[in-house]
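Any read-out appearing in this document is the output of simple, stated calculations on the displayed coordinates, not a laboratory observation. Everything numeric in this text was worked out from a predicted model, so none of it was measured. Because the Cβ atoms are built from the backbone with ideal geometry, glycine has one as well, and the counts that use them run over all protein chains shown.
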Amino acid sequence: MTEQEKRERLKAQWKAEEENAHIHGWDFSHINDRYEEENDIPWDYEKVIRGYLRDDMKILDMDTGGGEFLLSLGHPHENTAATEGYPPNVEICRDTLVPLGIDLRECTDVSSLPFEDGSFDMIINRHGSFDPKEISRVLRKGGLFITQQVGCDNDRDLVISVLPDAPVPFPDMKLSVQKQAFTEAGFSILRGEEHYGAINFYDVGAFVWFAKIIEWEFPGFSVDRCFDKLLYMQRDIDVIGRVEGTTHRYLIVARKD
């Protein structure tokens, strides 16, 4: 096979991944075993929640996705609510959460949650948007907000490798800034941790699929636009068996005073 034929074969494979970059809920099973991330986070989000959760608590899961994580908690359905704003996920939640008696509200504005003041004992949020002042409004006094977030530096080395001029999408998403925001909104910070970890891709096609899905980190990414840079990634695969990047996560547990 000539070098040109190899390039054309790779391009066809990667464009097929690009065309297949669709997601149901928050399901990354398409690239299972082809990439790894979050294996080195020093806290366990679910265990953190369970350390505070009681059956009699009224809880809200913001930006629940397809509701998969919320259901895994096994919390009494009559004490459970969820918001979601992405229309395909809203439909999934209507099919899976509503028949169980979970209070689902469609919501695209995190600064205007569709609940009364003081509705909840706990609000959880993994990788979704939030507004500390609005969270304070719908929490009862002494209520808890628990969140794991993707930080502003997440995947930046990978982004820059294919899109050198891409802006940082959410520059305030870091522990120091958000702790201050919650303090100003009337919360005490019970726990705050930040972690930089590893993300590895074992074939370039998996990276292409990922970059198309995470479009806010990789704005304007396409195989055609970034083909030469993807070839450099392929050389890393050929030499060390993976493409390496850096993740950024932080955890906050805040109590409304």
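Structure notes:
- Mean Cβ count within 10 Å, highest first, over the residues of peptides 138-144, 215-221: 138-144, 215-221
- Residues of type lysines that LYS15 reaches as a straight line, Cα spacing below 18 Å, ignoring anything fewer than 8 places off in the same chain: LYS6, LYS212, LYS229
- DSSP-assigned coil residues among trypsin sites (Lys or Arg not before Pro) in region 5-70, each with at most 13 further Cβ atoms within 10 Å: ARG54
- Only aspartates and glutamates eight or more places from LYS11 in sequence, or on another chain, were considered; those with a Cα closer than 17 Å are GLU3, GLU19, ASP203, ASP224, ASP228, ASP236, ASP238.
- Whole-Hz couplings from phi, Karplus 6.51/-1.76/1.60, listed for region 181-188; x for Gly and Pro: 4, 6, 4, 5, 8, x, 10, 9
- Measuring max minus min along each principal axis, the C-alpha atoms of region 3-256 give extents of 65, 39, 28 Å (largest first).
- Beta bridges per DSSP with both ends in the chain, % antiparallel, nearest 5: 60 percent
- Residue exposure proxy: MET57, MET122, MET1, MET62, ordered by other Cβ atoms within 10 angstrom of their Cβ from fewest to most, comes out as MET1, MET57, MET122, MET62.
- Full-stretch length increase - THR2, ILE189 - with 0.36 nm per residue and alpha-carbon distance subtracted: 61.3 nm
- Against the compact-protein benchmark of 2.2 N^0.38 Å, the Cα-based radius of gyration of region 138-223 scales to 1.38.
- Nearby lysines by direct alpha-carbon distance to LYS179 (threshold 16 angstrom, same-chain neighbours under 8 apart not counted): LYS133, LYS256
- The Kirkwood radius of region 1-43, taken over pairs of alpha-carbon atoms, gives through the Stokes-Einstein law at 25 °C and 0.890 mPa s a diffusion coefficient of 187 µm² s⁻¹.
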